[in-house]
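Participant: I'd like to ask some things about the structure below.
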Amino acid sequence: MICRAPAPQFLKQHYSSNVLQTTFFKQPSTMSALIQFKQITKVYGMDNTEVRALWNVDMTINSGEYCSIMGPSGSGKSTAMNMIGCLDQPTDGEYLFDGQDVAKLPETELAHIRNRKIGFVFQQFHLLSHLTALENVEQPMMYASVRSAERKERAASALEKVGLGNRINNRPNQLSGGQQQRVAIARAIVNNPLLILADEPTGALDTQTTQDVIDIFSELNQSGITVVMVTHEPEVARLTNRVVWFRDGEVLNHHLDPADLASVTAVPVS
Ligand code: ADP
Ligand code: MG
């Protein structure tokens with residue numbers, strides 16, 4: 001059971017929302033749609049091996065939302081996240097991301113959008129084991145052709161913001177799971193994205209570390225960044241502002257109030 005606790009000290013020291021609002025993150029100009037699925041369908045395989053992972057899904061997530069995606073295993077959550085993050089494209093339908101129709105863009109343009117506008121956080125962190133925390137956080141800026149001195153400065157600043165200013169030269173195997181996930185979050189925010197996408201970000205963490213990571217997402221959201229997270233833990237989803245509930249490749253409920261999850265038991269891990 002996760003209790004809502006005050007933000008950890010490191011957030012208070014390094015991580016004031018006011019500072020973030022003015023210096024670190026782009027602010028959405030208005031409450032407008034950042035993510036718009038229009039009749040999105042994703043089919044894997046063909047003929048008798050065909051799987052309808054998403055079926056005519058309409059879904060809108062506005063700039064500035066803090067939203068969780070839930071549903072049973074196999075209901076299409078990861079497929080939807082891959083679509084939202086421009087990692088995959090629909091079989092049919094229209095996807096507007098930040099006002100741009102991305103459903104049929106070539107891979108080079110999708111890669112550019114991912115690099116500039118989206119930060120990804122995964123359950124298993126996906127850090128490069130031979131690189132230090134600082135070097136891991138520098139990676140997205142390499143693709144964005146940021147010069148070395150600026151890369152190091154911005155990476156150090158992002159690590160400071162997640163409370164790891166004193167661990168920048170450690171490799172992943174010298175850090176705890178929670179610290180590694182904070183490095184991954186620093187990597188996700190270092191290019192000042194509009195959106196953070198997190199697929200089961202607390203799935204590999206213990207209760208206290210889960211709380212720390214969720215507090216960081218809350219702070220990022222309060223600074224204006226949109227956060228969309230898949231979770232099977234009602235205790236985690238309850239800390240977000242809205243739950244979108246998937247079942248069998250469709251959205252069963254677009255605006256489930258997280259408070260109503262009280263009676264929902266844990267969803268099987270997918
Ligand atoms: P969830 O994340 O909710 O567990 P997924 O989006 O991973 O669900 O999967 C939705 C459905 O699509 C499942 O039936 C799954 O087996 C199928 N699926 C997902 N990815 C692929 C793929 N690459 N090839 C074939 N089927 C897939
Ligand atoms: Mg999944």
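Taken together, the values in this text are just the output of simple stated rules run on the coordinates, not laboratory data. It should be emphasised that the depicted structure is a prediction, and the values quoted were computed from it without experimental measurement. Cβ placement follows ideal geometry from the backbone for every residue including glycine, while neighbour counts extend to all protein chains displayed.
Participant: Do we find a residue being within 16 Å of ligand 2 (Cβ to nearest atom), buried (at least 17 other Cβ atoms within 10 Å of the Cβ) and more than 16 Å from the chain's Cα centre (by Cα) anywhere in region 72-80?
Facilitator: Looking for residues that are within 16 Å of ligand 2 (Cβ to nearest atom), buried (at least 17 other Cβ atoms within 10 Å of the Cβ) and more than 16 Å from the chain's Cα centre (by Cα), one finds at least one in region 72-80, hence yes.
Participant: So in region 49-68, with the set limited to residues that are more than 18 Å from L256 (Cβ to Cβ) and within 14 Å of ligand 1 (Cβ to nearest atom), which one is farthest from the chain's Cα centre (by Cα)? Before the answer, list the steps.
Facilitator: First, pick out the residues of region 49-68 that are more than 18 Å from L256 (Cβ to Cβ): 49-56, 63-64.
Remaining after also requiring within 14 Å of ligand 1 (Cβ to nearest atom): 49-55.
Values: T49: 31, E50: 29, V51: 26, R52: 24, A53: 20, L54: 20, W55: 23 Å.
Here the residue is T49.
Participant: Any chance you could count how many residues in region 209-263 are among the polar types (S, T, N, Q) and part of a strand (DSSP E or B)?
Facilitator: Going residue by residue through region 209-263, those that are among the polar types (S, T, N, Q) are 209-211, 218, 221-223, 226, 231, 240-241, 253, 263.
From what's left, part of a strand (DSSP E or B): 226, 253.
The qualifying residues number 2.
Participant: May I ask you to list the residues in region 64-77 that are out of contact with any strand residue (DSSP E or B) (no Cβ under 6 Å at 6 or more places or on another chain) and on the phi < 0 side of the Ramachandran plot?
Facilitator: P72, S73
Participant: Another question, if that's okay. Any residue in region 195-208 that is more than 16 Å from ligand 2 (Cβ to nearest atom) and assigned to a loop (DSSP other than H, G, I, E, B)? First the steps, then the outcome.
Facilitator: Taking region 195-208 and keeping what is more than 16 Å from ligand 2 (Cβ to nearest atom), we get 195-196, 205-208.
If we keep only those that are assigned to a loop (DSSP other than H, G, I, E, B) too, we end up with 205-206.
Yes, region 195-208 contains a residue that is more than 16 Å from ligand 2 (Cβ to nearest atom) and assigned to a loop (DSSP other than H, G, I, E, B).
Participant: Further question on the same structure: How many of the residues making up region 110-153 are over 20 Å from the mean Cα position of the chain (by Cα) and not hydrophobic (A, V, I, L, M, F, W, C)?
Facilitator: Summing the residues that are over 20 Å from the mean Cα position of the chain (by Cα) and not hydrophobic (A, V, I, L, M, F, W, C) in region 110-153 gives 11.
Participant: D260 - would you say it is surrounded by fewer than 17 Cβ atoms within 10 Å (Cβ to Cβ) and on the phi > 0 side of the Ramachandran plot?
Facilitator: Numbers: surrounded by fewer than 17 Cβ atoms within 10 Å (Cβ to Cβ): yes; on the phi > 0 side of the Ramachandran plot: no.
Criteria not met by D260.
Participant: Continuing with this model, one more query. Taking region 86-122 as the region of interest, how many residues are within 16 Å of ligand 2 (Cβ to nearest atom) and farther than 21 Å from V236 by Cα?
Facilitator: Pass one, region 86-122, residues within 16 Å of ligand 2 (Cβ to nearest atom): 87-88, 120-122.
Next, only the ones that are farther than 21 Å from V236 by Cα stay: 87-88.
Selection size over region 86-122: 2.
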